[in-house]
1. Somewhere in segment 53-63, is a residue touching a residue at least 60 places away in the same chain (Cβ under 8 Å), in contact with a helix residue (DSSP H, G or I) (Cβ under 6 Å, 6 or more places away or on another chain) and buried (at least 20 other Cβ atoms within 10 Å of the Cβ)?
2. Search segment 97-115 for residues that are closer than 21 Å to E51 by Cβ and pair each with any residue that is part of a helix (DSSP H, G or I) and among the basic types (K, R) when their beta-carbon atoms are under 8 Å apart and the residues are at least 6 apart or on different chains.
3. Within segment 123-134, restricting attention to residues that are out of contact with any Gly (no Cβ under 7 Å at 6 or more places or on another chain) and of a type outside the set (D, E), which residue is surrounded by the most Cβ atoms within 10 Å (Cβ to Cβ)?
4. Based on this model, can you work out whether F71 counts as part of a loop (DSSP other than H, G, I, E, B) and either touching a strand residue (DSSP E or B) at 6+ places or on another chain (Cβ under 7 Å) or loosely packed, with under 14 Cβ neighbours inside 10 Å (or both)?
5. Check whether at least one residue in segment 95-114 is among the charged types (D, E, K, R) and within 24 Å of F154 (Cα to Cα), and report yes or no.
Amino acid sequence: MRWRIEVGYREGVFDALGHLAVQDIRDLGITGVSEVRTGRIYWIEGDLSEEEIHRICRELLADPITQEYEFYPADSPPSLPPDAWVVEVRYRPGVTDAVGDSVVKGVRDMGIDSISRAQTGRKYIIRGNLSKDEIETICRRLLYNDVIETYDLFGG
């Protein structure tokens, strides 16, 4: 089975990357942005139970003090806040995902050998009065590298 895991900062925890993204967006001359929250996405494949996924999240992927996580089957739609744009960035096929490889090793070091593959990505939740054209400019100029990455855009 393929699982999708999303890890992000808890409400009230300072998101340094999100804060920097707001500044960078404003430096582009796009002033309608009010907040950016960032997170990590993991797509994990293998014959893994929900309890094993919980354990992987608790012990390997998320900091229990500052972060929270959710997971669901990878073919489910991503969780989308109603008042924001969501950008998901991931490597193009064929590009080495060193963090994904490290996740596989880490899970196996935990004694869970049924993992077969892991891929990683970044998630940006962008709030503000922004058009789709502005969001696409933000993606192209700041959030991804077209040579090795691709992105999906949701919401608005």
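The numbers here are math on the coordinates, done by the rules we state, and not lab data. All figures in this text were calculated on a predicted structure; none of them were measured in a lab. As a convention, Cβ positions derive from the backbone with ideal geometry for all residues, glycine included, and neighbour counts pool all protein chains shown.
1. no
2. Cβ pairs passing all conditions: M110/R55; I112/R55; I115/R108.
3. Checked segment 123-134; the qualifying residue surrounded by the most Cβ atoms within 10 Å (Cβ to Cβ) is I126.
4. No: the conditions fail for F71.
5. Yes - at least one qualifying residue is present in segment 95-114.
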